[in-house]
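Structure first, then comments.
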Amino acid sequence: MNKLDRNAMAARVARDIPDGAYVNLGIGLPTLVADHLPEGREIVLHTENGLLGMGPRPAAGQEDPELINAGKQPVTTLPGAAFFHHADSFAMMRGGHLDICVLGAFEVSIAGDLANWHTGKPDAIPAVGGAMDLAIGAKRVFVLMEALTKDGRPKLVRECAYPLTGKACVSRVYTDLATFEITPDGVLARDLVEGLTLGDLEGMMGVELRAG
Amino acid sequence: MIDKIVPTLEAAVAGIPDGATVLVGGFGTAGMPFALIDALIAQGAGDLTIVSNNAGNADTGLAALLATGRVRKVICSFPRQHDSWVFDGLYRSGEIELEVVPQGNLAERIRAAGAGIGAFFTPTGYGTLLAEGKETRRIDGRDYVLEYPIHADVALIKAKTADRHGNLVYNKTARNFGPIMASAAKLSIAQVSEVVPLGALDPESVVTPGIFVSRVVVAHEETPPSW
């Protein structure tokens, strides 16, 4: 079985982002999706700190401390870009104007519940940022994550053990083993990596799956 | 005649009382009003409640204010960062109170205060720890949480250009919380890079109309990188 590497996972998501889409890419692995957007599609990237039409990181020496993304990294603007304040930025999410957001996750439940903001450990300093707004704030919420934790536990679960970010908000989960579509009738699995059967995958994830 | 330009940073922060709730602009270091924060530290007001997206970076700006021990409580969305050691230390030793608010709720609570809204129902946070104990309502089949505005005594913000009426234009993603914070405080203070004559700003391009701004002060400073 050949697991997808991080770039292949990001490319798999990018393939499903259509021409003309307004998209927010979360911090971490989802940020990689920007490097794989297919040629010939005009896709507008949103960053929560007040920019539509975000471009790539500038060349060394061209960074502007007042032109950054949600991960506080330097970025650029593309032709057609717009700046706006925070209330407008989150109106774009909450108001359902963004077509897609791509988020990382600790866990996603088969009902589409998302946990990605807080480990819940007693010594952890809670910090939510825009995670809860993004979770409920796009027409479609895609999660991009490894299917298993480093110690082999599934991250697609019957019920989340970590504190929730949003309830029943995830549409689709892209992983290094397969893509999962969350539907009211259960979870559909597709794009299984070579050498992996649906039965194997069900065994690994511990939840019921149907071929999709 | 209206002239909101004050000559010094000291004059800009004069009269901020102990116990004030202070909105502080910025997302990371972009838009953080470093000069005004330094002036507030020198001015000496204490027992403050600070409302800002983050809880300070490295040892300057908001972090330096926290380090004075004059901040009782921080209301923010994302305190924990790679360089938030000042806040982290105060929080872990129980010397500072924290209210974590989802970023969009933080922005909308500030906007609501400036817009005279009594409270609002938002879908963000429903069913999570951050909505525990809050009133909820199902409207047209969707679940919402009741959130209240954040009214403030003072706003400290940073813009690029002002005129003497307090009309403001910002710089790139340093705009972030500036416009909504300006509207939500009794005393809104803007530090700017330059002041231009009245009439020089295109009325179509003014981002914060001067009615929301109380004082303007010129401060030349380099924004340290957030990365």
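The values are calculated or read from the model by the stated rules, or taken from the named source; none is laboratory data. Everything numeric here is computed off the predicted structure, so don't read it as measured data. Note that each Cβ is placed from the backbone with ideal geometry, even for glycine, and that neighbours are counted across all protein chains shown.
Summary of computed values
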| quantity | calculated |
| --- | --- |
| Some residue of the range A:78-90 being modelled with pLDDT under 95 and surrounded by fewer than 19 Cβ atoms within 10 Å (Cβ to Cβ) | no |
| Complete set of residues in the range B:138-188 that are away from every other protein chain (no Cβ under 11 Å), of a type outside the set (A, V, I, L, M, F, W, C) and not in a loop (DSSP other than H, G, I, E, B) | B:Arg138, B:Glu147, B:Asp153, B:Thr161, B:Lys186, B:Ser188 |
| Hits in the range B:57-79 (condition: closer than 13 Å to B:Ser226 by Cα and either part of a strand (DSSP E or B) or within 13 Å of chain A (Cβ to nearest Cβ) (or both)) | B:Asn57, B:Ala58, B:Thr60, B:Gly61 |
| Every residue from the range B:82-104 that is crowded, with 21+ Cβ neighbours inside 10 Å and either in contact (Cβ under 8 Å) with a residue 40 or more places away in the chain or farther than 19 Å from B:Gly46 by Cα (or both) | B:Ser84, B:Val100, B:Val101, B:Pro102, B:Gln103, B:Gly104 |
| Strands (runs of 3 or more DSSP E) lying entirely in the range A:135-212 (those with 3 or more residues that are at pLDDT below 95, loosely packed, with under 15 Cβ neighbours inside 10 Å and away from every other protein chain (no Cβ under 14 Å)) | none |
| Given (1) buried (at least 21 other Cβ atoms within 10 Å of the Cβ); (2) more than 12 Å from chain B (Cβ to nearest Cβ); (3) within 22 Å of B:Ala174 (Cα to Cα), index of the condition A:Gln62 fails | (1) |
| Strands (runs of 3 or more DSSP E) lying entirely in the range A:70-118 (those with 2 or more residues that are at positive phi and in contact with a helix residue (DSSP H, G or I) (Cβ under 7 Å, 6 or more places away or on another chain)) | none |
| Residues (in a loop (DSSP other than H, G, I, E, B), under 13 Å from the mean Cα position of the chain (by Cα) and of a type in the set (A, V, I, L, M, F, W, C)) located in the range A:15-49 | A:Ile17, A:Ile27 |
| Number of the condition not met by A:Gly120 [criteria: (1) at the interface with chain B (Cβ under 10 Å from one of its Cβ atoms); (2) crowded, with 16+ Cβ neighbours inside 10 Å] | (2) |
